[in-house]
1. Whole-Å semi-axes of the range B:132-250's equivalent ellipsoid, largest first, each the root of 5 times a Cα gyration tensor eigenvalue?
2. When chain A is treated as a GNM, springs tying every alpha-carbon pair under 10 Å, which of A:Val262, A:Val215, A:Val61 comes out with the largest mean-square fluctuation?
3. Let me know the volume per residue of the alpha-carbon convex hull for the range A:351-435, in Å³.
4. At a 1.4 Å probe, what is the % contribution of carbon and sulfur to the accessible area of the range A:76-223?
5. Would you mind checking A:Lys60/B:Lys162; A:Lys107/A:Lys219; A:Lys79/A:Lys214 for any pair whose Cα atoms are more than 32 angstrom apart?
6. B:Leu259 versus A:Leu425, label points 7 Å from Cα toward the beta carbon: distance in nm?
7. How large is Rg/Rh for the range B:198-260, to two decimals, with Cα atoms and a Kirkwood Rh?
8. Of A:Tyr155, A:Tyr58, A:Tyr89, which has the largest mean-square fluctuation in a 10 Å C-alpha GNM of chain A?
Amino acid sequence: MSSAETGIKLYLNTVLKNKSGIIGVAMIILFIVLSIYGMAAYKNVASEWNNANYWRAYPKVAMPAWMVYFNPNKIFLTKAFVSKPKTLYSSSSYEVVQVDYKFRWNKGSAPSDVVFYVGTSSPIETINIVWKKPDGAQVTLSQSSPSEATDLLSYISSLDSYISSQIGYVPPRVVASTLSKALFGYEGKGLLNGTVEKGTYEAKITLVVPPHTKVVANKLYLEGNAYGIFGTDIYGRPLGIGILLGLPNALEIGFLTSIISVIGGVIIGGISGYLGGKTDSAINWVTLVMLSLPILPFLVVMSYVMRPTLLMEALFISFLVWSFYAIIARSSAQSIRKEVYVEADKVLGIPSYRTFFTHFMPRLTPFAIAYTALGVPAGIILVETLAFLGLAPPGLITWGAILNGAEQNFAAVNGWWWWILFPGLMIILVSIPFVIIGFSIERGIFGGR
Amino acid sequence: MGYRTYLAKQVIVYITVLIAAMSILYVFTYPVIQTVLRKTIQDEALHFKQAILKHASGHGTLNMTKINLEVHRYEAQLISSYGLNRPVYAKYFIQMYNLITFHFGNAYYLTAPSGSRKVSAIIAAYLPYTIILFTTGTLIVIFAGTIIGLLSARYAGTFWDKLVPTIAVIHSSLPTWWLGFLFIAALAYGIHAFPPGGITSVPPPKNPLMYSASMLYHMALPLLAFTIVNVGGFAYIIRSLVISTTKEDFVVTAKARGLSDSRILYRHILKTASPAISTQVALAIAGSFAGGLTTEIVFNWHGLGWLTYVAILSNDLPVILGITFVLTVILLLALFIDELVKGYLDPRLKVGE
């Protein structure tokens, strides 16, 4: 420990004096601002995160939108078309409404999905879609009592029979993009080989609805394969929103675990080193026990058995990691104990708790601050790891859980790199400022090199 | 205190630590353990009944009342042997005894490759792979970390020295499993330079030499991820230990005697710092344990970490509890071995100071 004065001002100075410290503080402020923005702007989205229906109109596993610039022919954003509905027939028992779309398609690949959206004032009885390709070939899709938004998977029976009439069999694993290829490919054996007919397509949607039904809104979505800054996952959830909403949770748990465990560790270790003797060896034994517990397996058992909330999770982690800080605090306290002014206090008969608070705690603070900063990323990584194992506190959006989704849906095999890269990068990005600040305080106060 | 006294003391300390660790786990999982045991007993009673029925049907006499009575007796016997009808303190001792003798009960769903449903058999089947991966990784980190740390301490102020804080930052902010995940996407599926996971190629080579070669090839990526994440922190510690030893008087004396730099570094500084380094090894092992285990999941490396993940997915509580106990024992063994090495390296212990 240096002979420098102690106090909050000193640490602020140490941090703000060097360039990396300023960058660190700026990054933390930015993260906090982003968290507040995310919580305010996407408050409703957070509760719908695990509701697959909510994300139906979004393109599934779409690349980040900026990838369009690298390959505009094959990578594109979602296109939406609106048309004017016409009433073809109306009687006292039902009405027939037609919505007609015409659009040009000149991209090198088919959309990832096609979504037909018709908002009506009363439920639709049947929907019938005639899809006309540029060369005149026609596909008919139909369904009774459909939901407002229907994607291609809702017409899978019509499309499967169309595919098997063209190529002779139905491929084993049919997903939305397979069906979309069927709607955009040349008829014949090569229907699903990925070549796309370019030209003007036409989609005639005929609805049978109860009388006096109004078509409030209608839209035809040609789902792109690129969306948002960070792309989307397999349910169509934009990863950008997931990353933004994961930020406050990560910061909260990082701060909580770090502050609780460092304060606990420094007080216990400080008292242990300060008192010495039998108390010291007893506390030291407890510290040794806690240090030799395998943190992750214990956390797994605790979170599995109790399914704790965020606060409980923070308490569990703190319970398992305070010993690291206690050991270091103890050795610092032992060296302070030998100082003359402590002896002087003893001779003067000043009660030991006062000596502890006036002489020990202030000398232990710099170290506590440095380790609080370093403890934040440690807590974040532990929680994200737990979430990756599927043990996140329930109802929370975490990057670990997003990555768990990537692992379970074979993102690496399928080449969905954005789903793996960005959530993990955020874990690192959030950790970096704390590590920088922690190291710079540690170096400044302990004399570093 | 000679080396033997030191050894005896460490053995006692670690045994008490093991017991304490188990007690903590017991307190946290007490209600769950009771359900696990009850389910195990029901399971075994059912097996017992089926065995009797099979036997009896062979002989043509089926007395259901008698059989049910037998099964009840067997169940009662099991309940008393697991201590479910005993007071809490007796339950505690029975549970501790069962843990130490590796009796974890039966798994709910998972089975060992041999077909056994005993948790201990399942764990024994996967444990060797965890030990292989983690031990190799830790040894690589210790060697590479020491070399990098020494280089940066020796060439203070140059490229090597500036490298270490940077990789130390990486160490504190990078999850091992995520790096592994990224490696799989890029190096295994992207450019096909490495296998994406598994322990050996399928089917496993018959030739033992080829088998180990295939295993090493499959270990390359997990080890790379493990090393990149952990080497920085270790090198940083070595660097500060070496630098603080360099300021000692005897190093100045050695310099004054005109000894060469490398001789001072290896014979004087490193020798003095080695007990402190081995203390840091213990902390590094404890710290990298979690990362090593989760790496197994992404690489489909069938060790205990992977087994934990599977057990979580299939809600197999007894397996999770058993793994936690086994991992605690392993970590304690690793720390104990490190303690022995530290005692061996510390000359003060040898002369019995």
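1. After diagonalising the Cα gyration tensor, the semi-axes are 34, 16, 10 Å.
2. Top of the fluctuation ranking is A:Val215.
3. 110
4. Solvent-exposed carbon and sulfur of the range A:76-223 make up 52 percent of the total.
5. Beyond 32 Å: A:Lys60/B:Lys162.
6. 5.0
7. 1.41
8. Taking springs between Cα atoms under 10 Å, the residue moving most is A:Tyr89.
The values are calculated or read from the model by the stated rules, or taken from the named source; none is laboratory data. Bear in mind that the values here come from a model prediction, so they are computed numbers and not experimental data. Reconstructed Cβ throughout: ideal geometry from the backbone, glycine too, with neighbour counts over all protein chains shown. Ligands, DNA and RNA are excluded from the accessible area calculation, which covers all protein heavy atoms including side chains. Shrake-Rupley method; radii C 1.70, N 1.55, O 1.52, S 1.80 Å.
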